[in-house]
Amino acid sequence: MIAFGLLVVLGVGMRVNNAVQYPVNLGFDAPENWRYIHQLMHSWELPSPESDWATAHPPFFYYASAGFGQLVGEHEADPAVILIRLLGSAIGLVAIALCVLLVVRIDPQAPRRAWLAAALLLLLPVQLYMSAMLNEEIWAASLVSIVAVGAALEMHRRTPTEGPGALVRALGLGFAGGLALLTKASGILVVAAAAGAALLAGWKRGTLRPALAWSGALLAVALLVGGWFYARNLISWGYLYPQDLAVHEVMFTMPPGERGIGDYLFVPLSTWTDPQLVNPDLLRSVWGSTYVTFWFDGHRHYLARESPSVTYAGTLILLLALLPTAAFFVGLLRGARRAFSRPASADTPLLLLTALTVVGYLVFTAANPWFAAVKASYLLGLAAPFSFYTSEVLSDWTRGRNTRSTLVWCILLLLFLAIIVVFTYGPVYWNWAGRGIEWTRIPSSMP
């Protein structure tokens, strides 16, 4: 309990420090997002998707941020941005707590596993650097995690989707799923995963009628809360979600400009030796780039670009992170075996969410063939399955007092220590070089 308490204090402290210390004009689309938020602080009218860089995005994050921003005045950018960042960090911490709660409920006799689940998320680099930035990613991922955990706990019940309170829980999850959809379009994936898991469990158990009612209630509320924005787009502009708008034309000049099958099969050595996304090999590797942005800052919005010490730190972290990454895939296989034999279990919604998210990510990166569109933050909605399965395997690998357990603990503790040093903004590492890596000198392969 002491170790767990220290871990929580450390995770919270890092996020508060980063929210305050990280420059307000840095981060993915930070100035553009602030411009949209500031516009809403003057007028609550929803703008057209093509009027500015960020106005095509679903509006929940921007409206909520504008409301909180008004607490410190319409023209005070610095305190407003810091307040919004702290709010996002708080929402992210709630989602992390629920992911840990899921582990505790499923495996109550394994406190080491719960500690590992918490550490994996509290000290996850993509979680840390995205929490310091002014954007909707943490909000969306947190809402997805809330629905994922709720669906997993529902499937863990002795009679899932049945009994008193089942429909009320479905309505609550539908509301959270609707807010996720109103934050990012990918929020629909967790709604589909939760509904699909309930239907699979109901079909297998012979209780399809209550499963249909539960899934229908969840879907109806989610679409009511979050679907109106997309219906408005379709009616007013002719598309559910915008693609290739003129306001985003700078993206079209970014490398590599096209994607082939090989981009999804090749993970180059530069993933570890030169972890920045305009490396010629990483430009052609979606999964190498994703790995770099999951465990490190491959876009260099958070850390300084063209710094040898940053590169060395990235190499160390990315080598050490091979261990929890391998543990996650081993855990996925274990979960798949359990779900195959017993669909009415917590594994089913977590696995469905993982599969749907990966497919969605593949489609998105193929349709947007630019290095800036390859970001592990788009996979942050997998926080629940990541912590659930990785902690399960790492808990097994650290059981007992033997050579394997000692080695795994040494790697994990060294990894966590390196992450603390690198991703606590200011004392050792900070960004003195501006927004992101230089890419204009990299030739695009676009015709």
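Yes/no matrix, rows are residues, columns are (1) surrounded by fewer than 22 Cβ atoms within 10 Å (Cβ to Cβ); (2) of a type in the set (A, V, I, L, M, F, W, C):
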{"residue": "Arg342", "(1), (2)": "yes, no"}
{"residue": "Leu362", "(1), (2)": "yes, yes"}
{"residue": "Lys375", "(1), (2)": "no, no"}
{"residue": "Tyr378", "(1), (2)": "no, no"}
{"residue": "Ala384", "(1), (2)": "no, yes"}
{"residue": "Ser387", "(1), (2)": "no, no"}
{"residue": "Asn402", "(1), (2)": "yes, no"}
{"residue": "Val408", "(1), (2)": "yes, yes"}
{"residue": "Trp430", "(1), (2)": "yes, yes"}
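Looking only at helices (runs of 4 or more DSSP H) that fall completely inside region 335-447, which ones have 3 or more residues that are over 22 Å from Arg105 (Cβ atoms)?
347-367, 403-423
Out of Leu382, Leu394, which single residue is within 19 Å of the chain's Cα centre (by Cα) and in contact (Cβ under 8 Å) with a residue 24 or more places away in the chain?
Leu382
Do we find that Leu283 is in contact with a strand residue (DSSP E or B) (Cβ under 6 Å, 6 or more places away or on another chain) and modelled with pLDDT of 95 or more in this structure? Don't jump to the end; show me each part of the working.
Working: in contact with a strand residue (DSSP E or B) (Cβ under 6 Å, 6 or more places away or on another chain): yes; modelled with pLDDT of 95 or more: yes.
For Leu283, the condition - in contact with a strand residue (DSSP E or B) (Cβ under 6 Å, 6 or more places away or on another chain) and modelled with pLDDT of 95 or more - is met.
Can you name every residue in region 134-190 that is over 24 Å from the mean Cα position of the chain (by Cα) and of a type in the set (S, T, N, Q)?
Residues satisfying the conditions are Thr159, Thr161.
How many residues does region 292-334 hold that are in a helix (DSSP H, G or I) and either among the polar types (S, T, N, Q) or in contact with a Leu (Cβ under 6 Å, 6 or more places away or on another chain) (or both)?
Qualifying residue count for the region: 9.
Pick out the one residue from Lys184, Lys204 that is among the basic types (Lys, Arg) and closer than 16 Å to Arg157 by Cβ. I'd like the intermediate steps shown before the answer.
Values: Lys184 fails: closer than 16 Å to Arg157 by Cβ.
Only one candidate passes the filter, namely Lys204.
Which residues, taken from region 255-291, are among the aliphatic types (A, V, I, L, M), touching a Ser or Thr at 6+ places or on another chain (Cβ under 6 Å) and part of a helix (DSSP H, G or I)?
Leu282, Val286
With the structure loaded, tell me whether Trp439 is out of contact with any Leu (no Cβ under 7 Å at 6 or more places or on another chain), more than 30 Å from Thr161 (Cα to Cα) and at pLDDT 95 or above or whether it fails that test.
no
Tell me which of these Tyr241 doesn't satisfy, since it passes every other one: (1) within 21 Å of Val144 (Cα to Cα); (2) more than 25 Å from the chain's Cα centre (by Cα); (3) not aliphatic (A, V, I, L, M).
Failed condition: (2).
For every residue, the table says whether it meets (1) under 26 Å from the mean Cα position of the chain (by Cα); (2) in a helix (DSSP H, G or I); (3) at pLDDT below 95; (4) among the small types (Gly, Ala, Ser).
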{"residue": "Ala201", "(1), (2), (3), (4)": "no, yes, no, yes"}
{"residue": "Ala213", "(1), (2), (3), (4)": "no, yes, no, yes"}
{"residue": "Ala222", "(1), (2), (3), (4)": "yes, yes, no, yes"}
{"residue": "Phe229", "(1), (2), (3), (4)": "yes, yes, no, no"}
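So, Leu121, is that one farther than 30 Å from Phe4 by Cβ, in contact (Cβ under 8 Å) with a residue 60 or more places away in the chain, within 18 Å of the chain's Cα centre (by Cα) and buried (at least 24 other Cβ atoms within 10 Å of the Cβ) or not? Don't jump to the end; show me each part of the working.
On the way: farther than 30 Å from Phe4 by Cβ: no; in contact (Cβ under 8 Å) with a residue 60 or more places away in the chain: yes; within 18 Å of the chain's Cα centre (by Cα): yes; buried (at least 24 other Cβ atoms within 10 Å of the Cβ): yes.
For Leu121, the condition - farther than 30 Å from Phe4 by Cβ, in contact (Cβ under 8 Å) with a residue 60 or more places away in the chain, within 18 Å of the chain's Cα centre (by Cα) and buried (at least 24 other Cβ atoms within 10 Å of the Cβ) - is not met.
Note down all Cβ pairs under 6 Å where the first residue falls in region 259-276 and is among the β-branched types (Val, Ile, Thr), the second is at pLDDT 95 or above and not in a helix (DSSP H, G or I), and they're at least six residues apart or on different chains.
Val267/Ser285
Can you name every one of the helices (runs of 4 or more DSSP H) wholly within region 59-175 that holds 3 or more residues which are hydroxyl-bearing (Ser, Thr, Tyr)? Break it down stepwise before answering.
Values: elements: 60-69, 77-106, 111-122, 125-131, 137-156.
Helices (runs of 4 or more DSSP H) meeting the threshold: 60-69.
The values are calculated or read from the model by the stated rules, or taken from the named source; none is laboratory data. Keep in mind it's a predicted model, so treat the numbers as computed, not measured. Neighbour counts run over all protein chains shown; Cβ positions are idealised from the backbone, glycine included.
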